[in-house]
Each structure stands twice: as C-alpha cells, then as structure tokens.
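**Q** Handing you this structure, nothing more for now.
The values are calculated or read from the model by the stated rules, or taken from the named source; none is laboratory data. As the structure is a prediction and not an experimental result, all values here were calculated from the model. Note that each Cβ is placed from the backbone with ideal geometry, even for glycine, and that neighbours are counted across all protein chains shown. Ligands, DNA and RNA are stripped out before the accessible areas are found, and what is left, the full protein with its side chains, is counted by its heavy atoms. Shrake-Rupley method; radii C 1.70, N 1.55, O 1.52, S 1.80 Å.
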Amino acid sequence: MDIDSYARNFFAENPDIEVLEAFVIDVNGVPRGKWIPRERALDVLTKGMAIPRSVYALDVWGRDVNAAGLAEGTGDPDGLCFPVPGTLSRVTWLSRPTAQVLLEMRNPDGTGFYADPRQVLANVLERYKKLKLTPVVATELEFYLIDPVRSALDPVRPPNTRDGRWHTGQTQVLSISELQDFEDVFYGISAAARAQNVPADTTLRENGPGQYEINLNHVPDALAAADYAVLLKRIVKGVARCNDLDATFMAKPYGTQAGSGMHVHFSILDEDGKNIYVGEEGPSERLMHSVGGLLEAMGESMAIFAPHQNSYRRLTPSEHAPTYASWGFDNRSAAVRVITASKPATRIEHRVAGADTNPYLVIAMILSAALAGMKEKTSPGGAISGDDHAISHEPLPTNWDYALQRFAKSSFAYAALGPQYRGLYAACKHQELAEFALRVTDVEYDAYIRTA
C-alpha cells in the first residue's frame, strides 16, 4: 500500500486525531520536528515536510553547531523529509488526540541526506546487502524512573512506591513487587508500544533504585531495530510524564548507583536465511572474526558509544559496564558477550553503549566493525574468565576529551560513517566539550571556595 492510501486509511480509522507530530532524530538521538494540524497532515505525509538541514547538527542544548557546516554561511536551507514506512501511529499518552510519524530527509534526487543518522546506518546496511547478508538486531534499554525534574539543578530522586516509600539504595534486582508498584506506568508503556508497532518484549527491575530495563525483539532489519529504540525512548518518557513521573536514559544519574546501558544483540543471516555465526561445534569462524573486528575498532568508537560527559561515569569496574575491549562466552563482565546457548540463537551481545546514545550511530559502528573483522579475518585473542582482564586487552578511553580525539582521527570512523559525518559528529561534540570546560561544578565550589 502506498503512503497516500495508508495515510488516508489511518485517518479514516482514527477520526478523532487533531494533530500530527512529525519529527526527525538529530545527532544526539533527540526528536526534532513540528506539530501539523490534521487538515494539513496528508500533504506532509505524501509531499514531504520542509525542515532546516541544520537540525541534524545541533548540540545537546539545541544550539546550532556552526563548525558542522550546515548552518552559518550556508543560508540555513531546508531539506525535505518523508515518512519512514510503518511509523505513522497514535500517541497514547497525550490528552489531545495525536498521531506521530518518524521522518527521514532526502536529497532532491531522492537519495538520503548524509547528515541524517538513519542514512548513516542505511549506508552500512548497503554493504551487507551487496554481500547478501542480513543483520538481525535487537536492543535492550535501561532507564530510571525518577520524581519529576523541577530544574536542571534539581537532584534526581527515585519515585515513591505505592506505600509511600522512596526506593532506597537496595538493588532489588528482578523484583516483581517493584514492577507491580508501577503497574500503571508499565501497562501504559506496553499499550503505547502495541499502538506504535514497537516490538517490546520483557520488562524487568534492574540494579539501581527505580531502574528498569525493557527488551525489544530481534528483527531482520537493523534500521527498524534502531527506529524501535528511539520510539521506545519516546514512549517511556511520555508515559512516565502521564503518570506524574519522569524517566531518564542518562548513563549515570546517580554517582553511586548502576549506570544505564543499551546492549545490542545481533547475528547475521546469509541469503538462505541461515545464521552464519553458527559453527559445527560452537561459534563459527565468522563470529569470532566479527568479535575481533569489534574489539579492534572499540577504542576509536567510544565517542559514539559514550557520547556525553556523563557517559564516562558509567564505565567503571564491577558494574557490568566494560572498561576493556574484551570478550567472553556468556560473560557480562566483557565488552562483547558471545552467546551460544542454542544454535539458532547464537549471537553477539555488544555491551559498551550507554542508554544515552543515538541508536542509529551505535548500530552503524557495531555492524561496520563486525564486517571489517570478517573481511580482515581479525583474531579476537583470548576470552576472559570472570572479570579477569589479565589477558592483554586494550583499556577503553576513560574520558570524553580523549575519546573524541581518537574518534576525530579514526580511519575506522571515517570508513564506517563517511568523512562528512565523522566531521559533523566531532564538531557537535567538541562544541559540547567546550561548554563543559566553562562550567564550574558544585564539587569544585565545595572543595575550593574556602580553601584555595
């Protein structure tokens, strides 16, 4: 069914819809877009919506990044955006009847605009397509439910349970009773996911106070997997607000509690639909070469996997957040976990990225590294046992500045993302880094205002 027929059917079946939220995803994974009244929605869906190209190169505060080359000196022209198939759906958490659609920007010749993160991933998948290979991808997203945020300076607090208690420092991992305490929130998330065709699967209580995880099903379409991740983030935040709470995917909202990650599971199918990661006895050579590629590119990819100043607080020992480019069999202490519980489900779990990342860019870097490893037949070296990193594995960058330096000079990032996008991303992140350098923290005042 073409988009015109699909859109007309959607609005015929949803006669109460008053407004359409149409949005793209920027470099930081933030939705940016417009509200379109119902009477103009069909035009937008069939003819496209104009939006400044510079929207893809904003810093995390929503400001233009002139060094990215899309704003200052260009006249800040518009690009035309079109619906991503299958993403026109209802927004269930707003009081006003609202629909939403995810958009992607195209050039005048119909090709994807290079600065659209969705196009970055599409370019990587084209390389797989030429080899008649299909990645099967799923993400797991961790997040915190918190009391409503009153200001940027207001400390985060866990929400009250049904009996009026705040969550304490207890981990209560996999607690069923704490899922029940927030039954309305998780029911709302589940209902919204169904309404938006987001294949949400398991929900579980995680390690931190008010921390939860939602898993998404594996799909043989990595672009769709990334779409589902960004849509799930919207759902979780929207439903939390509807229940007088907030939700944050910040990598480390509490300094002494567990951080939030986005774990990426993937396998690869050949043209006959067979999992190429399955060997005669255990993982195949191509799986092991993929692991080798992932480890080799990991240090240069950290600016994508840990994109913010706060991201590096999560990467500490003993928190199931990796600090070395290591791998292991069914080992959650490793950066790359090889899962071989059953042959059909043989896969790789990449455990480095935080929940604060852009899913399109994370998956693009992971799949590029796996492909490079298979092409070069890269050895992964020895597997770790437990959390023993005595085997020679590269320590991962532990600060934002160093990670950005490596990324900006990376030949791997140049090949994976393209030279234009590597430059755009580095420019956005360097502007953010420069802003942080100007901010004096409360810790510095506490330590030095009287003693220095």
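**Q** Considering only the stretch 304-324, state which residues are open to solvent by less than 60 Å² (accessible area, probe 1.4 Å) and either at pLDDT below 95 or within 16 Å of Y254 (Cβ to Cβ) (or both).
**A** Within the stretch 304-324, H308, N310, S311, Y312, R314, L315, T316, A321, P322, T323 qualify.
One line per residue, one yes/no per condition, for (1) out of contact with any Leu (no Cβ under 8 Å at 6 or more places or on another chain); (2) free of Cβ contacts under 8 Å to residues at least 24 places away in the same chain; (3) closer than 10 Å to H263 by Cα:
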{"site": "L315", "(1), (2), (3)": "no, no, no"}
{"site": "P322", "(1), (2), (3)": "no, no, no"}
{"site": "W327", "(1), (2), (3)": "no, no, no"}
{"site": "N331", "(1), (2), (3)": "yes, no, no"}
{"site": "V338", "(1), (2), (3)": "no, no, no"}
{"site": "S342", "(1), (2), (3)": "yes, yes, no"}
{"site": "H350", "(1), (2), (3)": "no, no, yes"}
{"site": "G354", "(1), (2), (3)": "yes, no, yes"}
{"site": "N358", "(1), (2), (3)": "yes, no, no"}
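**Q** Among the listed residues G73, G62, which satisfies the condition of being out of contact with any helix residue (DSSP H, G or I) (no Cβ under 7 Å at 6 or more places or on another chain), touching a residue at least 12 places away in the same chain (Cβ under 8 Å), outside the structural domain of H308 (by the TED database) and assigned to a loop (DSSP other than H, G, I, E, B)?
**A** G62
**Q** Turning to a different aspect of this structure: Here's a check for you: in the stretch 229-258, which residue that is part of a helix (DSSP H, G or I) and open to solvent by 50 Å² or more (accessible area, probe 1.4 Å) is farthest from L94 (Cα to Cα)?
**A** The qualifying residue farthest from L94 (Cα to Cα) is K237.
**Q** Can you pull out every residue in the stretch 371-383 that is in contact (Cβ under 8 Å) with a residue 12 or more places away in the chain and either over 15 Å from K130 (Cβ atoms) or not assigned by the TED database to the domain that holds F329 (or both)?
**A** Across the stretch 371-383, the qualifying residues are G373, E376, K377, T378, S379, P380, G381, A383.
**Q** I'd like to know if the stretch 385-395 contains one or more residues that are in contact with a strand residue (DSSP E or B) (Cβ under 8 Å, 6 or more places away or on another chain), among the acidic types (D, E) and either under 21 Å from L125 (Cα atoms) or not in a strand (DSSP E or B) (or both).
**A** Checked against the condition, which is being in contact with a strand residue (DSSP E or B) (Cβ under 8 Å, 6 or more places away or on another chain), among the acidic types (D, E) and either under 21 Å from L125 (Cα atoms) or not in a strand (DSSP E or B) (or both), the stretch 385-395 yields at least one hit.
**Q** Of the conditions (1) out of contact with any strand residue (DSSP E or B) (no Cβ under 9 Å at 6 or more places or on another chain); (2) more than 21 Å from N197 (Cα to Cα), V44 satisfies every one except a single condition; which number is it?
**A** Condition (1) is where V44 drops out.
**Q** Separate question: Could you pull out the residue among L424, L404 that is in contact with a Gly (Cβ under 8 Å, 6 or more places away or on another chain) and modelled with pLDDT of 95 or more?
**A** L424
**Q** Still on this structure, please answer the following. Anything in the stretch 332-353 that is surrounded by fewer than 20 Cβ atoms within 10 Å (Cβ to Cβ) and modelled with pLDDT under 95? List them, or say none.
**A** R332, T340, A341, S342, K343, P344, A345
One line per residue, one yes/no per condition, for (1) under 22 Å from the mean Cα position of the chain (by Cα); (2) assigned by the TED database to the domain that holds S267; (3) not charged (D, E, K, R):
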{"site": "C81", "(1), (2), (3)": "yes, no, yes"}
{"site": "V91", "(1), (2), (3)": "yes, no, yes"}
{"site": "P97", "(1), (2), (3)": "no, no, yes"}
{"site": "R118", "(1), (2), (3)": "yes, no, no"}
{"site": "T139", "(1), (2), (3)": "yes, yes, yes"}
{"site": "F143", "(1), (2), (3)": "yes, yes, yes"}
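**Q** Hey, any hits in the stretch 358-377 for a residue that's farther than 18 Å from F412 by Cβ, open to solvent by less than 10 Å² (accessible area, probe 1.4 Å) and part of a loop (DSSP other than H, G, I, E, B)?
**A** For the stretch 358-377, residues farther than 18 Å from F412 by Cβ, open to solvent by less than 10 Å² (accessible area, probe 1.4 Å) and part of a loop (DSSP other than H, G, I, E, B): absent.
**Q** So the check is Cβ under 9 Å with 6+ separation or different chains; which pairs have a first residue in the stretch 86-103 that's more than 19 Å from D43 (Cα to Cα) and free of Cβ contacts under 8 Å to residues at least 24 places away in the same chain and a second one that's open to solvent by 30 Å² or more (accessible area, probe 1.4 Å) and of a type in the set (A, V, I, L, M, F, W, C)?
**A** S95/C242
**Q** Next up: If you take the residues of the stretch 1-27 that are of a type outside the set (D, E, K, R) and out of contact with any helix residue (DSSP H, G or I) (no Cβ under 8 Å at 6 or more places or on another chain), which of them is nearest to Q100 (Cα to Cα)?
**A** F23
**Q** Moving on to the next point. Only one residue in A355, A403, A369 is in contact with a helix residue (DSSP H, G or I) (Cβ under 7 Å, 6 or more places away or on another chain) and within 28 Å of R63 (Cα to Cα), so which one is that?
**A** A403
**Q** Next up: Of the residues P97, P52, P148, P37, only one is open to solvent by 20 Å² or more (accessible area, probe 1.4 Å) and closer than 23 Å to Q309 by Cα; which?
**A** When all the criteria are applied, what remains is P148.
**Q** Going by the structure shown, is I36 in a strand (DSSP E or B) and over 25 Å from N358 (Cα atoms)?
**A** Against the criterion (in a strand (DSSP E or B) and over 25 Å from N358 (Cα atoms)), I36 qualifies.
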